[in-house]
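Down below is the structure, laid out as structure tokens.
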Amino acid sequence: MRKVITYGVFDLFHHGHSNLLKHAKELGDYLIVGVTTDQYAYHRGKYCLVDSLEKRLQNVRSCPYVDEVILEDHDGQKSEDIGKYGISIFAIGDDWLGKFDFLKASCQVVYLKRTPGISSTQLRGIRYPHLSMGLIGCGRIAERFLQEAGYVRDVQVTSLYHPAPDTSESVMRFLSRHTSIPKVRSLDKLFDQVDAVYIASP
């Protein structure tokens, strides 16, 4: 029996997930799916889950291509599971292309083409529109705010205004660490672009 294993969060289960599982099952005779726990998802930087673990497990178990469902909850588990379950093929979406080549020493690794035009991130954006936040200031409080905002599903920091000169050391450090947040030159422009503002400047 050729056993296939794959892993995922499977939040907001959609036809892209179903297609991936279908193609994974076509590679062998028996498909095992590892569903990532909330805690392990957070550990990997995925803070914006919508569905509970119970619902995500139920959705995967209900998929007709899946023979067995397990939990994924720690680093290194993929290598462990390949030996534990006698896996012949490890399959994963091609957005991970090359990332799991190290498993080729234990089994065949296949990167499956993802379904275009659909993703859990996209669905979250449609069902739960982001609150666009502006940030004023770039000191220690601003750093803490950005870190904590990452845990809030529907908040996205999209603009930054800072009253200090760009040449100041603290500003330069902050901007070098957060290059993805556009900087604006005036408060009026900031207010025009966002839904709410966090003030982190005296």
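The values are calculated or read from the model by the stated rules, or taken from the named source; none is laboratory data. Small disclaimer: the values here were computed from a predicted structure and weren't measured. Positions of Cβ are generated from backbone atoms using ideal geometry, with glycine treated the same way; all protein chains shown enter the neighbour counts. Only protein heavy atoms, including side chains, enter the accessible area calculation; ligands, DNA and RNA are left aside. Shrake-Rupley method; radii C 1.70, N 1.55, O 1.52, S 1.80 Å.
Using all pairs of distinct alpha-carbon atoms, the Kirkwood hydrodynamic radius of the stretch 1-71 works out to 12.3 angstrom. Of the chymotrypsin sites (Phe, Trp or Tyr not before Pro) in the stretch 32-80, which ones lie in a loop per DSSP and count no more than 14 other C-beta atoms within 10 Å? When the chymotrypsin sites (Phe, Trp or Tyr not before Pro) of the stretch 32-80 are filtered for loop state and at most 14 Cβ neighbours within 10 Å, Y47 remain.
Extension gain for the segment M1 to F102, taken as residue separation times 0.36 nm less the Cα-Cα distance, is 34.0 nm to one decimal. To the nearest 10, the accessible area of V157 is 30 Å² with a 1.4 Å probe. Taking the Cα centre of the chain as reference, the dipole from Cβ charges on Lys and Arg (+1) and Asp and Glu (-1) amounts to some 260 debye.
Solvent-accessible surface of the chain, averaged per residue with a 1.4 angstrom probe and all protein chains in place: 56 square angstrom.
Each of D81, D154, D192 has its accessible area taken with a 1.4 Å probe; listed largest first, they run D192, D154, D81. How high is the FRET efficiency from S186 to R127, r the C-beta distance, R0 45 Å, rounded to 0.05? With a Förster radius of 45 Å, E is 0.85. Counting pairwise Cα distances across the stretch 52-151, what percent come out greater than 24 angstrom? Of the Cα pairs, 49 percent sit more than 24 Å apart.
Of the solvent-accessible surface of the chain, computed with a 1.4 Å probe over protein heavy atoms with every protein chain present, carbon and sulfur atoms account for 51 percent. Amide H to amide H, with H built 1.01 Å from N, C48 comes under 5 Å of no residue 5 or more places away or on another chain.
Every Cα-Cα pair in the stretch 87-202 was counted, and those over 17 Å apart are 66% of them. A straight chain from E26 to S52 at 0.36 nm per residue would run longer than the Cα-Cα distance by 6.5 nm. Extension gain for the segment E143 to M172, taken as residue separation times 0.36 nm less the Cα-Cα distance, is 9.1 nm to one decimal. For the stretch 135-202, the normalised intensity computed at q = 0.14, 0.21, 0.29 Å⁻¹ comes to -0.37, -0.87, -1.60 (log10 of I(q)/I(0), Debye sum over alpha carbons, equal scatterers, no solvent). Where [x] 1, 7, 13, 15, 14, 11, 9, 9, 8, 6, 4, 2, 0, 0; [y] 1, 4, 7, 10, 11, 13, 12, 11, 8, 6, 5, 4, 3, 2, 1, 1, 0, 0, 0; [z] 1, 6, 11, 14, 15, 14, 10, 7, 4, 3, 3, 3, 2, 2, 2, 1, 0, 0 are the candidate values, the label of the one calculated here for P(r) over Cα pairs in 5 Å bins from 0, in percent is [x]. For a straight C-alpha distance cut-off of 18 angstrom, the lysines reachable from K46 (same-chain residues fewer than eight places away being disregarded) are K55, K99.
Backbone amide hydrogens, once placed in the peptide plane, bring V69 within less than 5 Å of V33, excluding anything fewer than 5 places away on its chain.
Put simply, the amide H of L131, placed in the peptide plane, has neighbours under 5 Å in V155, Q156, leaving out anything fewer than 5 places away on its chain.
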